[in-house]
């Protein structure tokens, strides 16, 4: 029979497709067994585990018979002395193996996610308490324990490095009527948190949780601009699900969408870290697969160059037309890891290549892919950020893709992408690479507005106090809003940005930080807890408006900003009356606060988050919201386990 | 540690990293569950590494590893006849060699991702996500997509047929 017509082959091809669908859609892919295999291969003895157990059992039986006789026999006594510790040791080994097996079974529950090979080990090791070099308000961030140093412990020390996040407090409107911040379209924190929960089966450290990046990970169905403006704003207000007496305000932006055909020509330089630390399955192989996905999207009028950096920087592929796709893919496929990292020199070369091939009115961008281990050369963060900032002014922007665990310099990568007018994404799976580099390629590559700042003016007749949820490292002074020299975030084609404010209406109890009474001013000082003035007591000029959102942005090549303004009136909608996108964003914010163990989490619980998010999941064509639900389930389990172990 | 030991360890690590996913997927394709595939991948590489692994071309190495894995699987199954049945091994090897290639299904998965992005409608993607990621029942899929239960089976069958055709066309088959 012709193999082409063999029905067995047809069935097997269907089977293969189903297996691949399970891997692509559910992440049911192969685990990384490298460490286990190498450790086992280096053991001198080669007795299989089952045989070892049988030998142990025979020894135990023999000991039961021999022990009484050995009391009268010196030789046997010596043997007992020798064998007993060995048996105990073997028993201890068996106990540990049993625990390991149990932990692997726990890990096996997370089959829906590709394993990183790191298993959730029982707490047999002495936990290492993470020490900060400065004082932390215990209410703001909880201490956490780690098994090893993977979370990083400061400059010059190994492990992942996160900037500390100090949550925004409630601010009284009469003292602070303006709230000003830069937008943030990064999504790295969400992907990183996902990897902690689903990939490694443990709660993330609080400083890895940036709530605005979790909220902005998701697509929301906001309408784009209908005129020449690059941005559209959508404001909404409804009840606050975790503090019913408060209101929740959503400020949303939607960037203009470019059809794929109209995407401007791109001049891209892939700046790839191939240092020794990248020699891990979740780093260089994933990097290569991800960049191949991007390379496949390139067209004839696009250009791609590849610069690598390790012991010495090098140009692997000069700037090449996207039409030569095979050559680009071949160069990516041939990359090997080795040597230490000289990130600074690599960045300089990448910028030079980008500048030499500059496309006027096109996309000119360096895409840095690294685990952030800039450990050789003159690479202080300050020097790098200065250089990146300078080059961004010349029109070459920087995007950063983070990979892997163990050296992840989250803080530096976020800083560099901010200064480089770019965005920062964390790539933990090929699906994430596909999301960032294929589905959202326009948003990742094509900047439609830069230095986007938001300033909210609250009406004291309606609002007693407010709190911006997230955006802690994007806060600006009120004077920065009109200062065009002050850098802020960029928004890409089709990007959505969502910010949530928890608002305390007038008449409700306000908890704002305590300030000493002013000695030379007649104004009353705010107390730590106070009754806010009633609406009638305040004779503020305005109207029914709750607040006004002011927006400033620059066109990608402009130096002068434009200003837009949008008022918001509160019609008293309940949370249940808000649309699905509003509800889902609120559920993500609540989950973020729970993961941070925020003092502002109110009545939020993981069960409440699950209820909100399930009801608001909507169509979810790519399954991102379903995956969020899985994460919340996992976080709930882990938090429960953690509480039990603390008891 | 000597330079030779370091080189040997790097060589072993490279072998495992390059081929473990392919061996695992192959074993799953033959009918192993995930835990059994985990065990057999470890045993396969241990056997190869302890026997003294020689560097060969990627295609030869992948084929050799598949043979070792298949033999270990058959040996295990002879000891434990209560395990679920395997697929037709001869036909499976032919199909794997034709479709999966030497990169252990890597290109196939990339092509499938592109087909899902470009060829599948949001409704079809949602239906597939519900089935493969959420393991939802047909009734639940029907309820979420606002369609008759009988239609779900047809929708999924057509979606799979279109995806297979798209993937195999992209792979030049």
Seminar exercise, completed: Only unsatisfied item for residue A:609, checking (1) within 30 Å of residue A:21 (Cβ to Cβ); (2) surrounded by fewer than 17 Cβ atoms within 10 Å (Cβ to Cβ), is (2)
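Got a number for residues in the stretch A:264-300 being assigned to a loop (DSSP other than H, G, I, E, B) and closer than 19 Å to residue A:401 by Cβ? Don't jump to the end; show me each part of the working.
Start the filter on the stretch A:264-300 by keeping residues that are assigned to a loop (DSSP other than H, G, I, E, B), which leaves A:264-265, A:274-275, A:279-283, A:296-300.
Then keep just the ones that are closer than 19 Å to residue A:401 by Cβ; that gives A:274-275, A:279-283, A:296-298.
Total meeting the criteria: 10.
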Problem set entry | Answer residue from the stretch A:36-47, given it is modelled with pLDDT under 80 and either more than 7 Å from chain B (Cβ to nearest Cβ) or within 34 Å of the chain's Cα centre (by Cα) (or both) and is nearest to residue A:283 (Cα to Cα) among those | A:42
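For the subset of the stretch B:24-43 comprising residues that are within 16 Å of residue A:32 (Cβ to Cβ) and more than 8 Å from every other protein chain (Cβ to nearest Cβ), which member is nearest to the chain's Cα centre (by Cα)? Working first, answer last.
Quick first cut of the stretch B:24-43, residues within 16 Å of residue A:32 (Cβ to Cβ) only: B:24-25, B:27-28, B:34-35, B:37-42.
Applying the additional criterion that residues be more than 8 Å from every other protein chain (Cβ to nearest Cβ) yields B:27, B:39-40.
Numbers: B:27: 7, B:39: 15, B:40: 14 Å.
The qualifying residue nearest to the chain's Cα centre (by Cα) is B:27.
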Problem set entry | Whichever residue in the stretch A:463-486 is surrounded by 23 or more Cβ atoms within 10 Å (Cβ to Cβ) and more than 25 Å from the chain's Cα centre (by Cα) and, among such residues, is nearest to residue B:117 (Cα to Cα) | A:466
Problem set entry | Residue count for the stretch A:253-263, restricted to those that are in contact with a strand residue (DSSP E or B) (Cβ under 8 Å, 6 or more places away or on another chain) and outside any loop (DSSP other than H, G, I, E, B) | 3
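Residues in the stretch A:447-458: is at least one part of a loop (DSSP other than H, G, I, E, B) and either outside the structural domain of residue A:621 (by TED's automatic domain parsing) or more than 21 Å from residue A:199 (Cα to Cα) (or both)?
Just the residues of the stretch A:447-458 that are part of a loop (DSSP other than H, G, I, E, B), to begin with: none.
Within the stretch A:447-458 (the criterion being part of a loop (DSSP other than H, G, I, E, B) and either outside the structural domain of residue A:621 (by TED's automatic domain parsing) or more than 21 Å from residue A:199 (Cα to Cα) (or both)), the answer is no, since none of the residues qualifies.
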Problem set entry | Residue list for the stretch A:219-242, filter: at pLDDT 95 or above and in a loop (DSSP other than H, G, I, E, B) | A:240, A:241, A:242
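State yes or no: is residue A:479 over 25 Å from residue A:372 (Cα atoms), more than 14 Å from chain B (Cβ to nearest Cβ) and not in a strand (DSSP E or B)? Break it down into steps so the answer makes sense when it comes.
Values: over 25 Å from residue A:372 (Cα atoms): yes; more than 14 Å from chain B (Cβ to nearest Cβ): yes; not in a strand (DSSP E or B): yes.
In short, yes.
If you check residue A:250 against the conditions, is it touching a strand residue (DSSP E or B) at 6+ places or on another chain (Cβ under 9 Å) and in a helix (DSSP H, G or I)?
Details: touching a strand residue (DSSP E or B) at 6+ places or on another chain (Cβ under 9 Å): yes; in a helix (DSSP H, G or I): no.
Spelling it out, it is not the case that residue A:250 is touching a strand residue (DSSP E or B) at 6+ places or on another chain (Cβ under 9 Å) and in a helix (DSSP H, G or I).
Can you name the residue in the stretch A:301-315 that is at pLDDT below 90 and in contact with a strand residue (DSSP E or B) (Cβ under 7 Å, 6 or more places away or on another chain) and is also nearest to the other protein chains (Cβ to nearest Cβ) among such residues? Talk me through it step by step, then tell me what you get.
Of all residues in the stretch A:301-315, those at pLDDT below 90 come to A:308-315.
This time we only want the ones that are in contact with a strand residue (DSSP E or B) (Cβ under 7 Å, 6 or more places away or on another chain), so: A:308-309, A:313-315.
Values: A:308: 18, A:309: 21, A:313: 23, A:314: 21, A:315: 25 Å.
Filtering the stretch A:301-315 for residues that are at pLDDT below 90 and in contact with a strand residue (DSSP E or B) (Cβ under 7 Å, 6 or more places away or on another chain), the one nearest to the other protein chains (Cβ to nearest Cβ) comes out as A:308.
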Problem set entry | Number of positions in the stretch B:125-137 that are buried (at least 18 other Cβ atoms within 10 Å of the Cβ) and more than 9 Å from chain A (Cβ to nearest Cβ) | 2
Exercise. Can you name the number of the only condition in (1) farther than 18 Å from residue A:289 by Cβ; (2) touching a helix residue (DSSP H, G or I) at 6+ places or on another chain (Cβ under 7 Å); (3) without any contact (Cβ under 8 Å) to a residue 24 or more places away in the chain that residue B:92 fails?
Worked result: (3)
Exercise. Within the stretch A:435-442, can one find any residue that is away from every other protein chain (no Cβ under 14 Å) and crowded, with 20+ Cβ neighbours inside 10 Å?
Worked result: no
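Considering only the stretch B:138-158, state which residues are within 11 Å of chain A (Cβ to nearest Cβ) and free of Cβ contacts under 8 Å to residues at least 12 places away in the same chain.
Residues of the stretch B:138-158 that are within 11 Å of chain A (Cβ to nearest Cβ), as a first pass: B:144-146, B:156-157.
Residues satisfying the conditions are B:146, B:157.
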Exercise. If residue B:79 passes every condition in (1) more than 10 Å from chain A (Cβ to nearest Cβ); (2) under 19 Å from the mean Cα position of the chain (by Cα); (3) without any contact (Cβ under 8 Å) to a residue 24 or more places away in the chain but one, which one does it miss?
Worked result: (2)
Problem set entry | Filter pass, residue B:49 being surrounded by 19 or more Cβ atoms within 10 Å (Cβ to Cβ) and either without any contact (Cβ under 8 Å) to a residue 60 or more places away in the chain or at the interface with chain A (Cβ under 9 Å from one of its Cβ atoms) (or both) | yes
Exercise. Which helices (runs of 4 or more DSSP H) sit wholly inside the stretch B:54-173 and have at least 2 residues that are not assigned by TED's automatic domain parsing to the domain that holds residue B:25?
Worked result: B:106-118, B:122-132, B:138-145, B:149-170
Exercise. Scanning for something modelled with pLDDT of 90 or more and either under 32 Å from the mean Cα position of the chain (by Cα) or within 27 Å of residue A:399 (Cα to Cα) (or both), does the stretch A:504-513 turn up at least one residue?
Worked result: yes
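The values are calculated or read from the model by the stated rules, or taken from the named source; none is laboratory data. Bear in mind the structure is a predicted one, so any value in this text is a computation, not a measurement. We place every Cβ from the backbone using ideal geometry, glycine too, and count neighbours over all the protein chains shown.
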